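Below is one structure, written out as structure tokens; comments come after it.
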Amino acid sequence: MYKNQNLLNIKRRILIVDDELINRTILAEMLKDTYEILTASNGEEALEILNKEEYITIVILDLLMPKVDGFEVLKRKKANINIKDIPVIVSTSEKELEVKSLKLGASDFIKKPYDDVEVIKARIAKLIDLYESKIVVNKTREDELTGLLNAEAFNLYGEGILLNSKKHDLIAIRLTNFIFLHDYLGSEKSNTILKNIAKELVKFANKNNGIACRSHDDYFYVLIDHISNYENIVEVLNNELSLLHERINLKVKIGVYQNVDKSSEINVLCDRAMSAVDSNDDQTQDIGFYDTKSIEQNIYIEKLISDFDNAIKNEEFIIYYQPKFNIEGDKPKLEGAEALVRWIHPELGFISPGDFIPLFEKNGLIKKLDTYVLQKVCKDLKFFKENYSKTLQISVNFSRNDFFVLEIKKKVDSILAKNNLEHKDIHLEVTESAYTRDGEQLIGILNSFRNDNYLIEMDDFGTGYSTLNAITDLPFDYLKLDMIFMRKFDSNKNSRKVIKFIINLSKILKVKTVAEGVETKEQCDFLKSLGCNLIQGYYLSKPLKYDDFILLLEKES
Ligand code: C2E
Ligand code: CA
Ligand code: CA
């Protein structure tokens, strides 16, 4: 017997095989409240169902049927490894057939006509118990600490539950600060907390026809019939916790994946629910919902990642150049350009960097991409300088991760050297927010570039919250005003004051200012009047394809 029979509050499936409709109907009526019933009207059909359907817990088999009879079913079942262990209760009115069917593997008998309902139910329940404890002989089913199902058993029974045509929800439950709590309270007390959570989760699961498990630490999962209100369970769990520890801010957070996609494996469903918990890391909300739209998004992301290597090999990443103009003189003068990457995907078409750069920054592929971009840019720049403008400078975007590649500077040096370029031909654009996040190490690396004549542009200035105090210590030669200031140019009066302030700040720091996202003449004139050195934006030029950039170079030189 299971220690925690009530933990498995799921309807087992029973297959009733009888050629007489009346017998099938009587049995089904008798059992349908406790079990999920499948029926077959002959032996052939029974074997078909057994082979096709999973998680049939018991077969109730009539022995005497035309064509393929009960004995034949027992024989064929015994020979089939996939179904041979499913227990069979034979239903017969003839005592002498019992021994024969026993030999063929039947486990028990019930007598026709079916008069004693309670006896029949009891025999079925007992057999299920025996059978289920047999299959788990070698597999512990329970989480030792809490008595909930362990992850393996949860997966096993969960699959059975999902066969049911109802909608189901998967909920992941975690505790805030659990690791801290464990250290602080010691394992005995924190174990008590986990056990109490488990108790409430069992009640919750039972009430909603589901199962609950603890996979490890404070990772709990519950699979239940679909419901719409989760506030209650969160409240109950939090009450439980507050009773235990008034002084500690201990709370549960749950992630809910509603109406789960039944074609996915249970552990995938668990991961999705858990990701909804993590989406609430700000700790202001207790419940996070898994956004099913993100399934499509995930597929898209997976595709971009898996196609990456081929894209590098097939040169699907191409570089656009957005001109930067010096506006100090009478006429804007081309001084350089920013290299901006695009992905021309063979199936998905044009993909803008906003779709893949953040993704590749997260998973590290950015390093390979940026090296590729730098190589292409250097090759192009060599050509531009030899044929058009000797003083042209190109800026290349560097992500924070790029700088933590071993010997990054040597690598960049060698790419430039191969193309006979001087260090000052390349600007490294580094976004301001990169400096603000554990900047020390980055500052050291950037200094080493700068001491060797590379020029550094602090990109997106105004979004990274540098303090005025810190900014004096940061290594950069150009301050690139974020385009947000141009977007607010008309709507927000203060925006012009801030632009003026930043340009003055640049002058104090003795660095040049680049304004990006400049779209109108009015913006351009305003910037010029303040002494801004360079502008970049749709007003003077959009990012250009290689061939169009060459045309511009021809015109300018
Ligand atoms: P960013 O470095 O701030 O680049 C400026 C973005 O503003 C570019 O978008 C550019 O096309 C756009 N832009 C330029 N002028 C205007 C304008 O007047 N109005 C408006 N509304 N937009 C303008 P894009 O090319 O989509 O690039 C987006 C971001 O992707 C870049 O932002 C940069 O952070 C990143 N990125 C692009 N190429 C690379 C690369 O090779 N390596 C790395 N690490 N990041 C890159
Ligand atoms: Ca940039
Ligand atoms: Ca920028």
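The calculated FRET efficiency for ILE299 paired with GLU231, based on their beta-carbon distance and R0 = 30 Å, is about 0.40.
Full extension of the chain segment joining GLU386 with ASP271 gains 35.9 nm, where the gain is 0.36 nm per residue of separation less the Cα-Cα distance.
Tally Lys/Arg at +1 and Asp/Glu at -1 over every other residue whose Cβ is under 9 Å from the Cβ of ILE295; what's the total?
Numbers: positive: ARG272, LYS293; negative: ASP261, ASP291, GLU296.
So the surrounding residues net to -1.
Selection among ILE128, SER448, ILE295 by position relative to the dipole of the chain gives SER448 as farthest towards the positive end (Cβ unit charges, Cα centre).
Summarising the strand pairing of the chain, around 45 percent of its internal DSSP beta bridges are antiparallel.
The trypsin sites (Lys or Arg not before Pro) found in region 230-337 that occupy coil by DSSP, while having at most 11 further C-beta atoms within 10 Å, are ARG247. Under the combined filter of DSSP loop state and at most 15 neighbouring Cβ atoms within 10 Å, region 154-225 retains none of its GluC sites (Glu not before Pro).
Counting beta carbons within 10 Å around each of MET486, MET458 and listing the fewest first gives the order MET486, MET458. Computed extension length for SER433-LYS379: 16.5 nm, one decimal, from 0.36 nm per residue of separation with the Cα-Cα distance subtracted. Pairwise Cα distances in the chain exceed 40 Å for 51 percent of all pairs.
Once fully extended, how much extra length lies between ARG487 and ASP355, figured as 0.36 nm per residue of separation less the alpha-carbon to alpha-carbon distance?
Numbers: separation 132, 0.36 × 132 = 47.52 nm, distance 2.13 nm.
Extending this stretch completely gives an extra 45.4 nm.
With a Förster radius of 30 Å, plug the Cβ-Cβ distance of ALA79 and ASN164 into 1/(1 + (r/R0)^6) and report the FRET value to the nearest 0.05. Computed FRET efficiency for ALA79 and ASN164 comes out at 0.50. By the count of neighbouring beta-carbon atoms within 10 Å, fewest first, LEU74, LEU359, LEU553 end up ordered LEU359, LEU553, LEU74. Centre-to-centre, using Cα atoms only, region 253-312 and region 7-52 are separated by 37 Å. Roughly how many Å is it from the Cα centre of region 396-433 to that of region 185-206, as a whole number? Between the Cα centres of region 396-433 and region 185-206 lies a distance of 53 Å. Compute the FRET efficiency between SER242 and ASN209 as 1/(1 + (r/R0)^6), taking r as their Cβ-Cβ distance and R0 = 30 Å, and round to the nearest 0.05. Efficiency, from the Cβ-Cβ distance: 0.55. Spin-label pair GLU118-ASP330: with each label point 7 Å from Cα along the Cα-Cβ axis, the two points sit 11.1 nm from one another.
Distance between the C-alpha centres of region 328-348 and region 446-500: 20 Å, rounded to the whole angstrom.
What nm value, rounded to one decimal, do you get for the distance between SER529 and LYS126 when each label is placed 7 Å out toward the C-beta? Between SER529 and LYS126, the label points sit 9.8 nm apart. Summary value for region 317-551: 21 percent relative contact order, contacts being C-alpha pairs under 8 angstrom separated by 6+ residues. Taking a straight line from the alpha carbon of LYS195, these aspartates and glutamates sit under 16 Å away, with near neighbours fewer than eight places off in the same chain left out: GLU142, ASP143, GLU144, ASP217, ASP218, GLU240. Going by neighbour counts of Cβ atoms within 10 Å, the residues PHE404, PHE384 line up, fewest first, as PHE404, PHE384.
Here are some pairs, LYS379/LYS512; LYS303/LYS379; LYS521/LYS545; LYS368/LYS390; LYS367/LYS507; which of them have Cα atoms lying more than 31 Å apart in this structure? Let's see the in-between values first.
On the way: LYS379/LYS512 27 Å; LYS303/LYS379 29 Å; LYS521/LYS545 24 Å; LYS368/LYS390 29 Å; LYS367/LYS507 33 Å.
Where the Cα-Cα span goes over 31 Å, the pairs concerned are LYS367/LYS507.
In straight-distance terms, cross-link reach from LYS32 covers every one of the aspartates and glutamates whose alpha-carbon lies under 17 Å from its own, apart from those fewer than eight places away in the same chain; here that gives ASP18, ASP115, ASP116, GLU118.
Given a cut-off of under 8 Å on Cα pairs at least six residues apart, what relative contact order in percent is computed for the chain? Before the final figure, lay out the partial values.
Values: 854 pairs, mean separation 47.6, N = 557.
Rounded, it is 9 percent for the chain.
Once the Cα atoms are used to define both axes, helix 70-79 deviates from the longest principal axis of the chain by about 40 degrees.
Each value in this text was obtained by applying a stated rule to the coordinates, not by laboratory testing. What you are looking at is a predicted structure, and each value in this text was computed from that prediction instead of being measured. Every residue, glycine among them, receives a Cβ derived from its backbone with ideal geometry; neighbour counts consider all protein chains shown.
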